[in-house]
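Below is one structure, written out as structure tokens, with a few remarks after it.
The values are calculated or read from the model by the stated rules, or taken from the named source; none is laboratory data. The shown structure was predicted, so the numbers you read here are calculated from the model rather than taken from an experiment. Cβ placement follows ideal geometry from the backbone for every residue including glycine, while neighbour counts extend to all protein chains displayed.
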Amino acid sequence: MPTRPPRALFFRDAEQLLTLAGGPLPRRGRALGELGIVAGGGVLIQGGKIVAAGRTRDLAAPARRLKALPVDCRGRVVMPGFVDCHTHLIFAGSRVEDFQARIEGKTYEQIAAAGGGIARSARLLARASKPELKAQALAFLKQFAAHGTTTLEVKSGYGLDIRNEIKILEVVRELVASSPLELVPTLLAAHALPERFRARRAAYLNRVIRRLIPAAARAKLAEFVDCFCDRGAFTLEECRRVLEAGKRYGLAPRIHAEQLTHSGSCRLAARLGASSADHLDKMSGAEIRLLARSNVVAVLVPASNFNLSTRRYAPARRLIEAGAAVALATDFNPGTSPTLNMQFILALACTQMRMTPAEAIAAATVNAAYSLGRAERLGSLEPGKQADLAVMDVDDYRKIPYYFAWNHCVMTVKRGKIIYARE
Ligand SMILES: [Zn+2]
């Protein structure tokens with residue numbers, strides 16, 4: 001069914017328009033805190049793209065020419081839609097049992113030994129059909145949109161075998177066709193060692209490298225390859241092999257790095273020219289300087305620290321001051337971070353990692369888009385870019401994290417179409 005191009009829209013009289021325009025990419029150091037704020041701002045969009053962004057009064061004449069539908073944004077903030085660059089969207093059921101066990105004092109290792117953890121998600125996923133996985137993911141995507149997210153990266157990883165990993169990525173492909181949101185697929189090729197391979201690590205990795213990665217790449221089911229480099233997951237050398245194999249098939253590396261233990265995975269990310277190194281709670285000072293000299297984006301996911309009650313967060317301040325490119329993400333997943341609200345991530349970034357509200361917003365939009373190779377098209381409100389934006393019911397952008405754990409989003413626009421409106 002051919003879809004008619006959406007009508008031109010004129011978002012006008014915003015108390016603050018956050019354009020995030022200009023500047024080199026990714027944003028580093030002081031530039032991370034520059035939001036390109038226009039008081040009384042407006043955005044004119046047509047055909048899925050931004051025609052103009054600036055002062056409302058300068059846009060009134062072109063808006064009339066385009067017969068644009070006005071959207072009154074008085075008392076509100078208009079900003080780019082959030083780009084959530086680290087999620088595990090596709091899973092079956094939940095891990096609410098693990099949540100309860102953790103509250104009762106069980107450790108990650110004890111929960112895993114009792115059949116919980118990633119193994120529980122893998123069992124549930126193996127039993128779930130594609131339509132079931134799709135239905136749950138679609139319900140989540142509605143919520144992502146309602147909270148102002150317009151693009152998200154989606155990792156596989158709960159399959160733990162070739163058939164189920166491919167099943168997850170095929171569900172993502174179906175979601176691309178049936179959800180208005182933009183999904184960026186990542187093959188999380190090495191997430192956890194399945195129990196039946198306990199004594200045959202090498203055999204499992206060979207399957208991942210020789211069969212899973214080529215199969216996913218040939219079917220164009222993923223853009224990125226990822227692995228979990230940590231105690232209880234995979235070693236540095238194993239991750240190197242997986243990520244290099246992914247690279248040979250055209251998948252750009254991302255890596256779950258330095259989360260529970262210090263593994264050297266941050267150095268591996270720099271050496272491979274990875275698109276991102278994610279978590280980074282246990283990174284060292286030398287590694288901060290190393291990332292600062294690279295284009296590897298440090299993707300920080302403070303909701304997993306919050307939810308696991310770990311006191312030590314990633315060193316966001318030191319990363320920013322050293323000049324590293326920092327992005328923020330939810331790490332939406334059933335085990336450690338079941339939130340999809342990027343506004344809450346901003347609050348955690350501010351209160352737990354001492355990022356300023358402005359730095360947090362740039363990290364959650366333009367730098368996150370950069371880490372997904374989409375900064376030319378997404379992450380800021382500039383003429384020619386895709387019309388992806390969120391309208392927040394606050395008159396000062398700092399109130400988004402200040403009034404934390406609320407949902408301030410009243411409208412979300414993707415490719416020029418209103419995909420969520422509260423009223
Ligand atoms: Zn993750």
Could you list, in sequence order, the residues of segment 129-149 that are in contact with a helix residue (DSSP H, G or I) (Cβ under 8 Å, 6 or more places away or on another chain) and not polar (S, T, N, Q)? Lys130, Leu133, Lys134, Ala137, Leu138, Leu141, His147, Gly148
Check Ala217, Ala145, Ala203 and return the single one that is surrounded by fewer than 19 Cβ atoms within 10 Å (Cβ to Cβ) and either in a loop (DSSP other than H, G, I, E, B) or away from the ligand (no atom under 16 Å from the Cβ) (or both). Ala203
Test for Ala189: is it within 16 Å of the ligand (Cβ to nearest atom), at pLDDT below 95, within 28 Å of Arg374 (Cα to Cα) and more than 17 Å from the chain's Cα centre (by Cα): yes
So which pairs qualify, if the first residue must be in segment 330-351 and touching a residue at least 12 places away in the same chain (Cβ under 8 Å), the second must be within 13 Å of the ligand (Cβ to nearest atom) and charged (D, E, K, R), the Cβ gap must be under 8 Å, and the two must be at least 6 apart or on different chains? Thr330/Asp84; Asp331/Asp278; Phe332/Asp84; Ser337/Asp331; Leu340/Asp84; Met342/Asp84
For segment 344-365, which positions are of a type in the set (D, E, K, R) and surrounded by 24 or more Cβ atoms within 10 Å (Cβ to Cβ)? Glu359
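Can you tell me which residues in segment 308-337 are modelled with pLDDT under 95 and either touching a Leu at 6+ places or on another chain (Cβ under 7 Å) or within 15 Å of the ligand (Cβ to nearest atom) (or both)? Give the derivation first.
Narrowing segment 308-337 to residues modelled with pLDDT under 95: 308-312, 335-336.
Matches in segment 308-337: Leu308, Thr310, Gly335, Thr336.
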Please state which of the following conditions Ala128 fails to meet, knowing it meets all the rest: (1) at negative phi; (2) under 23 Å from the mean Cα position of the chain (by Cα); (3) crowded, with 19+ Cβ neighbours inside 10 Å. (2)
Using the structure shown, decide if Leu340 is modelled with pLDDT of 95 or more, part of a loop (DSSP other than H, G, I, E, B) and more than 16 Å from the ligand (Cβ to nearest atom). no
Cβ contacts < 6 Å: first residue free of Cβ contacts under 8 Å to residues at least 60 places away in the same chain and surrounded by fewer than 21 Cβ atoms within 10 Å (Cβ to Cβ), restricted to segment 372-388; second residue among the polar types (S, T, N, Q) and not in a loop (DSSP other than H, G, I, E, B), any location; separation 6+ or different chain. Result? Arg377/Gln386
Index of the failed condition, Arg74 passing every other in (1) closer than 30 Å to Arg173 by Cβ; (2) touching a strand residue (DSSP E or B) at 6+ places or on another chain (Cβ under 6 Å); (3) among the charged types (D, E, K, R); (4) surrounded by fewer than 23 Cβ atoms within 10 Å (Cβ to Cβ): (1)
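Just for segment 153-164: of the residues that are surrounded by 21 or more Cβ atoms within 10 Å (Cβ to Cβ) and touching a helix residue (DSSP H, G or I) at 6+ places or on another chain (Cβ under 6 Å), which one is nearest to Ile419 (Cα to Cα)? First the steps, then the outcome.
Within segment 153-164, the first condition is being surrounded by 21 or more Cβ atoms within 10 Å (Cβ to Cβ), and the residues that meet it are 153-160.
This time we only want the ones that are touching a helix residue (DSSP H, G or I) at 6+ places or on another chain (Cβ under 6 Å), so: 154, 156, 158-160.
Details: Val154: 20, Ser156: 25, Tyr158: 29, Gly159: 31, Leu160: 34 Å.
Looking at residues that are surrounded by 21 or more Cβ atoms within 10 Å (Cβ to Cβ) and touching a helix residue (DSSP H, G or I) at 6+ places or on another chain (Cβ under 6 Å), I get Val154.
Residues are listed down the side, and each one gets a yes or a no for (1) at pLDDT below 95; (2) under 14 Å from the mean Cα position of the chain (by Cα):
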{"position": "Leu160", "(1), (2)": "yes, no"}
{"position": "Ile168", "(1), (2)": "no, no"}
{"position": "Glu182", "(1), (2)": "no, yes"}
{"position": "Pro185", "(1), (2)": "no, yes"}
What pairs come up if the first residue lies in segment 41-58 and is at pLDDT 95 or above, the second is part of a loop (DSSP other than H, G, I, E, B) and hydroxyl-bearing (Ser, Thr, Tyr), and their beta carbons are under 7 Å apart, counting only those six or more places apart or on different chains? Ala53/Thr19
Please work out which residue is farthest from Val154 (Cα to Cα), limiting yourself to segment 239-287 and to residues that are of a type in the set (S, T, N, Q) and crowded, with 24+ Cβ neighbours inside 10 Å. Ser265
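Let's see how each residue does on (1) within 16 Å of the ligand (Cβ to nearest atom); (2) touching a helix residue (DSSP H, G or I) at 6+ places or on another chain (Cβ under 8 Å); (3) in a helix (DSSP H, G or I):
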| residue | (1), (2), (3) |
| --- | --- |
| Ile345 | yes, yes, yes |
| Ala362 | no, yes, yes |
| Tyr370 | no, no, yes |
| Leu381 | no, no, no |
Hey, among the residues in segment 296-332 that are under 18 Å from Phe144 (Cβ atoms) and hydroxyl-bearing (Ser, Thr, Tyr), which one's surrounded by the fewest Cβ atoms within 10 Å (Cβ to Cβ)? Ser304
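Here is a check on your reading of the model: is Ala292 more than 16 Å from the ligand (Cβ to nearest atom), in contact with a Lys or Arg (Cβ under 9 Å, 6 or more places away or on another chain) and within 30 Å of Ala405 (Cβ to Cβ)?
no
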Please count how many residues of segment 22-39 are without any contact (Cβ under 8 Å) to a residue 60 or more places away in the chain, surrounded by 15 or more Cβ atoms within 10 Å (Cβ to Cβ) and in a loop (DSSP other than H, G, I, E, B). 1
